[in-house]
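The values are calculated or read from the model by the stated rules, or taken from the named source; none is laboratory data. This structure is a prediction, so every number in the text was calculated from the model and none was measured. Here the Cβ is made from the backbone with ideal geometry for all residues, glycine too, and neighbour counts use every protein chain on show.
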Amino acid sequence: MAKNKRHKYERVRHLPNVIFSGSGEVPAPGSQPWYRGRFAGMEKVLELGCGKGEHSLGFAAANPGKLCVGIDRKSHRMCVGAEKALDLGLENVLFLRARIEQIKWFFVEQSIHEIWLTFPDPCPKTRTIKSRLSAPSFLDVYAGLLVPGGIVHLKTDSDMFFDYTRTSVERWGGREIAVAMDMHGEDFNPPAAGKVISAYENAALLRGTPIKYLAFELN
Ligand SMILES: C[S@@+](CC[C@H](N)C(=O)[O-])C[C@H]1O[C@@H](n2cnc3c(N)ncnc32)[C@H](O)[C@@H]1O
């Protein structure tokens, strides 16, 4: 393992804004830090597969009254975002190292206002379809966590993943609220949080790939 990566694995363990799913018993969802103290009354926004947390940091900076929780299974990536949040003094962003398959263990039913899927891995192979973050089993979990009228937002550079998600949402019984085939194009005014551009997104834009955007409700 590269030295830099190994250092991040070590450093991230000591950051006060990173929570680890751990391997032992999971505390009751309502006792997690995002439901306690000054976070208790704040609207909550989740970024699933946050990587280095660029979107989470952008959401938090643009929405000081909301709490953003960036979630990823790769702790060395979120180390970058978590350290930056501390440097910037951003107090309304936390990170959770967990698999998205586990998130219902960490959040109370009907307590999340928005879920962002920012450039999820497209999982193109047939044997990995169930791992797509908009597969029906994930939509079931999101529907349980969202408040009534809560919204799921998707940003992706993958046509395949975009089309798959639209079909998945329709079959599930969800409702599209907004669709853009080129969210940075002239005809679309994305929600403020959608204007944050991560390094991954920037690379897609430099290749000339339009960024697709979808917002949908599940309840
Ligand atoms: C393509 S990267 C995008 C990162 C970031 N959202 C961005 O826009 O730069 C996808 C991220 O999703 C994470 N991921 C994929 N599947 C996951 C899962 N089931 N549970 C947790 N994280 C997952 C990966 O570790 C990776 O960091």
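Of the residues Phe138, Phe95, the single one that is within 14 Å of the ligand (Cβ to nearest atom), in contact (Cβ under 8 Å) with a residue 40 or more places away in the chain, buried (at least 21 other Cβ atoms within 10 Å of the Cβ) and not in a loop (DSSP other than H, G, I, E, B) is Phe95. Across region 113-135, the number of residues qualifying as assigned to a strand (DSSP E or B) and either within 22 Å of Lys52 (Cβ to Cβ) or among the small types (Gly, Ala, Ser) (or both) comes to 5.
Applying the condition of being in contact with a Ser or Thr (Cβ under 8 Å, 6 or more places away or on another chain) and in a helix (DSSP H, G or I) to region 141-171 and asking which residue is surrounded by the most Cβ atoms within 10 Å (Cβ to Cβ) yields Thr165. In region 31-48, is there at least one residue being within 16 Å of the ligand (Cβ to nearest atom) and surrounded by fewer than 19 Cβ atoms within 10 Å (Cβ to Cβ)? No; the residues of region 31-48 include none that is within 16 Å of the ligand (Cβ to nearest atom) and surrounded by fewer than 19 Cβ atoms within 10 Å (Cβ to Cβ). Scanning region 98-112 for residues that are in a helix (DSSP H, G or I) and more than 9 Å from the ligand (Cβ to nearest atom) yields a count of 2. On inspection, Ala82 does not qualify as of a type in the set (A, V, I, L, M, F, W, C), away from the ligand (no atom under 14 Å from the Cβ), over 18 Å from Lys104 (Cα atoms) and surrounded by 24 or more Cβ atoms within 10 Å (Cβ to Cβ). Across region 199-219, the number of residues qualifying as more than 15 Å from Ala180 (Cβ to Cβ) and either surrounded by 21 or more Cβ atoms within 10 Å (Cβ to Cβ) or among the aliphatic types (A, V, I, L, M) (or both) comes to 4.
Looking across region 63-74, the residues that are within 16 Å of the ligand (Cβ to nearest atom) and either of a type in the set (A, V, I, L, M, F, W, C) or surrounded by 22 or more Cβ atoms within 10 Å (Cβ to Cβ) (or both) come down to Cys68, Val69, Gly70, Ile71, Asp72.
Within region 54-92, can you find the residues that are outside any helix (DSSP H, G or I), within 16 Å of the chain's Cα centre (by Cα) and not acidic (Asp, Glu)?
Restricting attention to region 54-92, the residues satisfying the condition of being outside any helix (DSSP H, G or I) are 63-74, 89-92.
From the residues that got through so far, the ones that are within 16 Å of the chain's Cα centre (by Cα) too are 63, 66-74, 92.
Passing the criteria: Asn63, Lys66, Leu67, Cys68, Val69, Gly70, Ile71, Arg73, Lys74, Asn92.
Only residues that are modelled with pLDDT under 95, away from the ligand (no atom under 16 Å from the Cβ) and either under 22 Å from Tyr200 (Cβ atoms) or in contact with a helix residue (DSSP H, G or I) (Cβ under 8 Å, 6 or more places away or on another chain) (or both) were counted across region 17-30, and they come to 1.
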